[in-house]
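A.B. asks: The structure under discussion is supplied below as structure tokens; questions concerning it will follow.
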Amino acid sequence: MHRRLFFRALAVLALVATAATAGAPTATADAPAPAQLRLNATIDAVLADSRLDGAQAGVVVVDTTTGRTLYDRNGQCRLVPASNTKLLTSTAAMELLGPGHRFTTDVASDGVRRAGLLSGNLYLRGGGDPTMLAADYDRLAAQVAAEGVRLVTGNLVADDTRYDRTRLGPDWTWDDESYYYAAQVSALTVAPDTDYDAGTVIVHAAPATEAGARPVVTMTPPNGWLRIENRAETVATGETSVSFEREHGGNTIVVTGQIAVGEAAESDWMTVWEPTGYAADIFRSALQRHGVRVLGRTVLGRPTPDDATTVTRHDSMPLAELMVPFLKLSNNGHAEVLTKELGRVLSGSGTWSAGLAAIGKYVGDSGMDTGTLRQRDGSGLSRRNLIPPGQFVSLLSTVRAEPWFDTWYAALPVAGNAERFVGGTLRSRMRGTAAANNVHAKTGSLTGVSSLSGYATDADGHLLAFSVVFNNYLTSSVKALEDQIAIALASYTEAETTTARLAVPTAPESPRVPEGLECSWVKPTAC
């Protein structure tokens, strides 16, 4: 027996034995306990809401302490999961790469160094790090200067060959291309801030001091890779309507609309075309600031020679720490980098296909029936992803036995916790309910798709694994229905009660996802 499966089998046997000795409920699937009947009636009532008329709904709930299924509606049906797909990607990464895995970005040379002169090329080699900031490239440049290099006679070569050159998922829609949640994937990239949306730049438009003038447009980080075409106008009064759009196939960002004198600046995250060149531009500028001059041109996509000498390097945070911004903020770019990194580490091929094969094998070994699902990317942005809710619950139940589970569980969004890097995409949801600071779950949103899968600790202290997936609804949002189910699970108890009256829990209405926006985290508020 596979070593992982052997120890999981022992864990399952231990859970069963514990449940038996603790006087676990004796009700069977054929004869559910009264409390379970009340829970079923509650969830049935939620799913009868008119917002789901004509839609598809799948809900599965399992008590991981006893292994008993408490609820199953369409658990075997394949549904589009949106960002719940990240549950597969993140668990596979934690197991196959390990919590201590780091990405390395280094600088190397292939020439002779003498008295400040480097006769040869300088190589910037990307290791896939999605958390590289302009400040990190600045530190690399400072270290190159500290090594005594003042003049490079050759080229600055940006080596992104750790991964292939397929930048966008094959199923991603073309009109998402300029928005931060659909950034191009490269082994060498830049993130503008500590949300770590690699391959993006933040564009700011502030009003001019007088009406009629163009707004003042700047970028974070400042760079020479993108060009601004400012068509916007500063007005004396009126509603701000500034918008940003990157043109397909290039790095011109068009700014349109209006902003009134005295108003706060408008900002948005925009993707760049070819992140490798973006990173090289940031690094070359940093070299110049630190007194290192490169005489040659910038060359993209050439590998670093095997005999090149390392000048300096930067190591990322460990994967265990990266799980926090990845899962809390539902970072699509992190999911895709981890997918390609899995392919590179396990098979030597930094491609989507190799990475997805590695994820599929891991989740299959973990008990998911991979013959019932399809995964096309790491993030869930593809609408061709199809995963039954019951398979999510199978994975959620199994990974409890993993040594890294506590770290991963803590990285999931926590309902109702206002702290951004605790509550994440659930920070505005289920506040003031039994689910607040209780439910740990992954959110998911596409137009007409909403999902919530994770864990709720019930009133008896049992950890319930659940998955709720809604498809093909026409209303603006059904997240309040997900919340009602999660609250019911957090309130669930098998203790005898004096009433069996059905009471559908109420939930504060969740922030609305703008129509047509395909994402799982709307900046600066949650979907």
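The values are calculated or read from the model by the stated rules, or taken from the named source; none is laboratory data. For clarity, every value in this text was computed on a predicted model and none was experimentally measured. Note: ideal-geometry Cβ built from the backbone for every residue, glycine included; neighbour counts use all protein chains shown. What goes into the accessible areas is simple: the full protein's heavy atoms, side chains included, and nothing from ligands, DNA or RNA. Shrake-Rupley method; radii C 1.70, N 1.55, O 1.52, S 1.80 Å.
A.B. asks: Which of the following residues is open to solvent by 10 Å² or more (accessible area, probe 1.4 Å), within 18 Å of His462 (Cβ to Cβ), aliphatic (A, V, I, L, M) and in contact (Cβ under 8 Å) with a residue 40 or more places away in the chain: Val80, Val62?
C.D. replies: After applying the criteria, what remains is Val62.
A.B. asks: Return the residues of the range 174-190 that are open to solvent by 20 Å² or more (accessible area, probe 1.4 Å) and not in a helix (DSSP H, G or I); say none if nothing qualifies.
C.D. replies: Glu177, Tyr179
A.B. asks: Another one. Ala488 - would you say it is open to solvent by less than 50 Å² (accessible area, probe 1.4 Å), of a type outside the set (Val, Ile, Thr) and at pLDDT 95 or above?
C.D. replies: It is true that Ala488 is open to solvent by less than 50 Å² (accessible area, probe 1.4 Å), of a type outside the set (Val, Ile, Thr) and at pLDDT 95 or above.
A.B. asks: Let me ask something else about it. Out of curiosity, is Ser330 farther than 20 Å from Ser453 by Cβ and either out of contact with any helix residue (DSSP H, G or I) (no Cβ under 8 Å at 6 or more places or on another chain) or modelled with pLDDT of 95 or more (or both)?
C.D. replies: In short, no.
Each row is one residue, and each column tells you yes or no for (1) over 20 Å from Asp159 (Cβ atoms); (2) in contact with a helix residue (DSSP H, G or I) (Cβ under 7 Å, 6 or more places away or on another chain); (3) free of Cβ contacts under 8 Å to residues at least 12 places away in the same chain.
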{"site": "Met94", "(1), (2), (3)": "yes, yes, no"}
{"site": "Pro99", "(1), (2), (3)": "yes, yes, no"}
{"site": "Arg102", "(1), (2), (3)": "no, no, no"}
{"site": "Asp106", "(1), (2), (3)": "no, no, no"}
{"site": "Ser109", "(1), (2), (3)": "no, no, no"}
{"site": "Asn121", "(1), (2), (3)": "no, no, no"}
{"site": "Leu124", "(1), (2), (3)": "no, yes, no"}
{"site": "Gly128", "(1), (2), (3)": "no, yes, no"}
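A.B. asks: State the number of residues belonging to the range 240-268 that are assigned to a strand (DSSP E or B) and buried (at least 20 other Cβ atoms within 10 Å of the Cβ).
C.D. replies: Residues in the range 240-268 being assigned to a strand (DSSP E or B) and buried (at least 20 other Cβ atoms within 10 Å of the Cβ): 7 in total.
A.B. asks: Within the range 335-345, which residues are open to solvent by less than 20 Å² (accessible area, probe 1.4 Å) and more than 21 Å from Thr200 (Cα to Cα)?
C.D. replies: Leu342, Gly343 - these are the residues of the range 335-345 that are open to solvent by less than 20 Å² (accessible area, probe 1.4 Å) and more than 21 Å from Thr200 (Cα to Cα).
A.B. asks: Please return the ranges of strands (runs of 3 or more DSSP E) entirely within the range 20-128 where 2 or more residues are at pLDDT 95 or above, of a type in the set (S, T, N, Q) and within 30 Å of Thr312 (Cα to Cα).
C.D. replies: Those strands (runs of 3 or more DSSP E) span 104-109.
A.B. asks: If you go through the range 403-424 one residue at a time, how many are in contact with a Leu (Cβ under 7 Å, 6 or more places away or on another chain) and of a type in the set (Val, Ile, Thr)?
C.D. replies: Looking only at that region, the number is 1.
A.B. asks: Can you list the helices (runs of 4 or more DSSP H) found entirely within the range 343-452 that contain at least 1 residues being under 20 Å from Lys479 (Cα atoms) and touching a Phe, Trp or Tyr at 6+ places or on another chain (Cβ under 9 Å)?
C.D. replies: 389-398
A.B. asks: Here is a list: Ser366, Ser353. Which entry is crowded, with 17+ Cβ neighbours inside 10 Å and either free of Cβ contacts under 8 Å to residues at least 40 places away in the same chain or over 27 Å from Leu188 (Cα atoms) (or both)?
C.D. replies: On inspection, the qualifying residue turns out to be Ser366.
A.B. asks: Hey, can you tell me all the residues within the range 214-239 that are buried (at least 16 other Cβ atoms within 10 Å of the Cβ) and not in a strand (DSSP E or B)?
C.D. replies: Pro215, Pro221, Asn223, Trp225, Leu226, Ala232
A.B. asks: Of the residues in the range 273-304, how many are of a type in the set (A, V, I, L, M, F, W, C) and either in contact with a strand residue (DSSP E or B) (Cβ under 6 Å, 6 or more places away or on another chain) or open to solvent by 30 Å² or more (accessible area, probe 1.4 Å) (or both)?
C.D. replies: Qualifying residue count for the region: 7.
A.B. asks: While we're here: Looking at Asp193, Asp171, which one is under 18 Å from the mean Cα position of the chain (by Cα), more than 28 Å from Thr105 (Cα to Cα) and either at pLDDT 95 or above or open to solvent by 20 Å² or more (accessible area, probe 1.4 Å) (or both)?
C.D. replies: Asp171
A.B. asks: Could you check the range 305-334 and list, in sequence order, the residues that are surrounded by 20 or more Cβ atoms within 10 Å (Cβ to Cβ) and in a loop (DSSP other than H, G, I, E, B)?
C.D. replies: Ala308, Ser316, Leu329, Ser330, Asn331 - these are the residues of the range 305-334 that are surrounded by 20 or more Cβ atoms within 10 Å (Cβ to Cβ) and in a loop (DSSP other than H, G, I, E, B).
A.B. asks: Taking the range 100-130 as the region of interest, how many residues are open to solvent by 50 Å² or more (accessible area, probe 1.4 Å) and under 30 Å from Gly364 (Cα atoms)?
C.D. replies: Qualifying residue count, the range 100-130: 2.
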